[in-house]
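Have a look at the structure below, then the notes.
The values are calculated or read from the model by the stated rules, or taken from the named source; none is laboratory data. In this text, all values refer to a predicted model and were calculated from it rather than measured experimentally. Because the Cβ atoms are built from the backbone with ideal geometry, glycine has one as well, and the counts that use them run over all protein chains shown. These area figures cover heavy atoms from the full protein model, side chains too; ligands, DNA and RNA do not enter into them. Shrake-Rupley method; radii C 1.70, N 1.55, O 1.52, S 1.80 Å.
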Amino acid sequence: ETGVTQSPTHLIKTRGQQVTLRCSSQSGHNTVSWYQQALGQGPQFIFQYYREEENGRGNFPPRFSGLQFPNYSSELNVNALELDDSALYLCASNHPGRTSEQYFGPGTRLTVT
Amino acid sequence: ILNVEQSPQSLHVQEGDSTNFTCSFPSSNFYALHWYRWETAKSPEALFVMTLNGDEKKKGRISATLNTKEGYSYLYIKGSQPEDSATYLCAPNNAGNMLTFGGGTRLMVKP
């Protein structure tokens, strides 16, 4: 048990739609990162939020956006869904620090048809 | 974008066998290396965070070593058990603690 939860567990959307995925971090963790794991690959870093501001971004287009709230919850929003967005989306929270251990949620499986 | 490679991609061993996998990563601008175990339908579980060259860490039957000068880390499992079956991921982090994962090693331990 990492203390990090995600919702929903599974989601099916149609190409062109928008989706919001949610994450609840461990209490006291003011840093949250989101990762995308496509089938057969390792997770890829999407972006990180620290104290409600975007703190770093991977190689993902602007239609991937996020929000972080003061109650340690966060959202990943994806607009104009494409078939290639089908993946497992993971969030991870940690205390600030260059080498802090990250605690992962179980992920949301998104299928785009 | 860091190039992180893990080998082998998958591994089948018998219960009781000892095994090891490799993670290679760029040695420049190194901050830390994270190892995770990820069982199916569960959250990735942190095993180790390693920062110093020559570091060795151990948790039960699992241990890891780190060579930051040449850019590699080994994960060892002594006396594998079926419950060790999982995907093992390594990930160096950058200055902002953003992880770059390798493709993982999928371990299957047969009873």
**Report entry** Nonlocal amide H pairs with B:V4, under 5 Å, H built at 1.01 Å
**Finding:** none
Query - Accessible area per residue, Å², the stretch A:1-44 with all protein chains present, probe 1.4 Å - result: 53 Å²
Query raised in the report: Can you list the residues of the stretch B:83-111 that have at least 40 square angstrom less accessible area with all protein chains present than in their chain by itself, probe 1.4 Å?
Result: B:N97, B:M98, B:L99, B:F101
Report task. Two decimals is fine: what is log10 I(q)/I(0) at q = 0.13, 0.18, 0.23 Å⁻¹ for chain A, from a Debye sum with one equal scatterer on every Cα and no solvent? Result -> -0.43, -0.84, -1.35
Query raised in the report: Can you list the residues, at least 5 places off or on another chain, whose amide H is less than 5 Å from the amide H of A:Q44, using H built in the peptide plane?
Result: A:Q36, A:Q37, A:A38
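What net charge is computed for the residues neighbouring B:A46, neighbours being all others with C-beta under 11 Å from the C-beta of B:A46, Lys and Arg scored +1, Asp and Glu -1?
0
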Report summary line: Whole-Hz Karplus couplings 3J(HN,Hα) for the stretch B:105-111, θ = phi - 60° and coefficients 6.51, -1.76, 1.60, Gly and Pro as x, run 10, 8, 9, 10, 10, 8, x
Query raised in the report: Could you state the number of Å between the C-alpha centres of the stretch B:1-32 and the stretch B:90-109?
Result: 9 Å
Report summary line: The ³J(HN,Hα) series, computed from each phi in the stretch A:52-59 with the Karplus coefficients 6.51, -1.76 and 1.60 at θ = phi - 60°, rounded to the nearest Hz and given as x for glycine or proline, is 6, 10, 5, 10, x, 9, x, 7
Report task. Just add up the charged neighbours of B:T65: K/R +1, D/E -1, any other residue whose Cβ is under 9 Å from the Cβ of B:T65. Result -> -1
Requested in this report: Calculate one ³J(HN,Hα) per residue across the stretch B:26-40 by plugging θ = phi - 60° into the Karplus curve 6.51 cos²θ - 1.76 cosθ + 1.60, and present them in order as whole Hz with x for glycine and proline.
Outcome: x, 7, 7, 6, 7, 10, 6, 10, 10, 10, 10, 10, 10, 8, 4
Query raised in the report: Among the residues of the stretch B:35-56, which ones have their accessible area go down by 10 Å² or more when all the protein chains sit together, as opposed to their chain alone (1.4 Å probe)?
Result: B:Y36, B:W38, B:K42, B:S43, B:P44, B:A46, B:V49, B:T51
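Rounded to the nearest 100 Å², what's the accessible area chains B and A bury against each other, both chains counted, probe 1.4 Å?
Chain pair B/A: roughly 1700 Å² of buried accessible area.
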Report task. Select from the stretch B:34-111 those GluC sites (Glu not before Pro) which occupy a DSSP coil region and have at most 13 other Cβ atoms within 10 Å, ordered by residue number. Result -> B:E39, B:E70
Report summary line: Quick calc, A:N71 & B:Y74: beta-carbon distance into FRET formula, R0 30 Å, rounding 0.05, result 0.15
Query raised in the report: Expressed as a whole percentage, what fraction of the accessible surface of the protein assembly as shown belongs to carbon and sulfur atoms when a 1.4 Å probe is rolled over the protein heavy atoms?
Result: 46 percent
